[in-house]
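Asks: The structure's right below; bear with me while I get my questions together.
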Amino acid sequence: EPVFRAMHIDRLDLRDRGAVRRIFKNSADVDPQKFDSVVKSFSVRSRVQQGDALVRMYRVEGVPSMIVDGTYRVDGKLAGSNERILEVVDFLIEKVRYSRPQLLSD
């Protein structure tokens, strides 16, 4: 809730590391130095780079967007509206599910 509030109610820019640091300090009593060390860590930087690469690869232009089976990108514009996104995603999941050979069970 604190991040949601900061972004949608207080309209803070979450690209500002100082603002995010304050959110974590005020809402979860996270030590600012510990926060900085984690944010700057190799594992966090690697995950952010991976996320950025996926956004570029799937050509995500906004939210909400969903990727189905690494093949289909669905967003409000492609689905016709944000309300229809899950309907389209469900359809695509079924399409993928039935297009794959079924595994034999014993």
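The values are calculated or read from the model by the stated rules, or taken from the named source; none is laboratory data. Remember, predicted model here, so these are calculated numbers, not experimental data. Here the Cβ positions follow ideal geometry from the backbone for every residue, glycine too, while neighbour counts run over all protein chains shown.
Asks: Does Ser27 satisfy the condition of being at pLDDT 95 or above and surrounded by 10 or more Cβ atoms within 10 Å (Cβ to Cβ)?
Replies: On the way: at pLDDT 95 or above: no; surrounded by 10 or more Cβ atoms within 10 Å (Cβ to Cβ): yes.
It is false that Ser27 is at pLDDT 95 or above and surrounded by 10 or more Cβ atoms within 10 Å (Cβ to Cβ).
Asks: Taking the stated definitions as given, is Ser65 surrounded by 10 or more Cβ atoms within 10 Å (Cβ to Cβ), over 30 Å from Ile93 (Cα atoms) and either touching a Leu at 6+ places or on another chain (Cβ under 7 Å) or polar (S, T, N, Q) (or both)?
Replies: no
Asks: Taking the residues in segment 30-62 that are touching a residue at least 12 places away in the same chain (Cβ under 8 Å) and surrounded by fewer than 10 Cβ atoms within 10 Å (Cβ to Cβ) as candidates, determine which candidate is farthest from Lys77 (Cα to Cα).
Replies: For segment 30-62, the residue satisfying everything is Arg59.
Asks: While we're on this one: Where in segment 3-74 are there helices (runs of 4 or more DSSP H), lying fully within it, with 3 or more residues that are of a type in the set (Lys, Arg)?
Replies: Per the criteria, 17-28, 42-57.
Asks: Hey, among the residues in segment 61-78 that are modelled with pLDDT of 95 or more and among the hydrophobic types (A, V, I, L, M, F, W, C), which one's nearest to Glu1 (Cα to Cα)?
Replies: Looking at residues that are modelled with pLDDT of 95 or more and among the hydrophobic types (A, V, I, L, M, F, W, C), I get Met66.
Asks: Among all residue pairs at least 6 apart or on different chains, which show Cβ distances below 6 Å where the first residue, located in segment 1-24, is more than 17 Å from Phe35 (Cα to Cα) and the second is at pLDDT below 95 and small (Gly, Ala, Ser)?
Replies: From segment 1-24, the pairs are Leu12/Ala6; Leu12/Ala19.
Asks: What pairs can you find where one residue is in segment 70-98 and within 21 Å of Arg56 (Cα to Cα), the other is among the basic types (Lys, Arg) and surrounded by fewer than 11 Cβ atoms within 10 Å (Cβ to Cβ), and their Cβ atoms are less than 9 Å apart, with a gap of 6+ or different chains?
Replies: Arg73/Arg59
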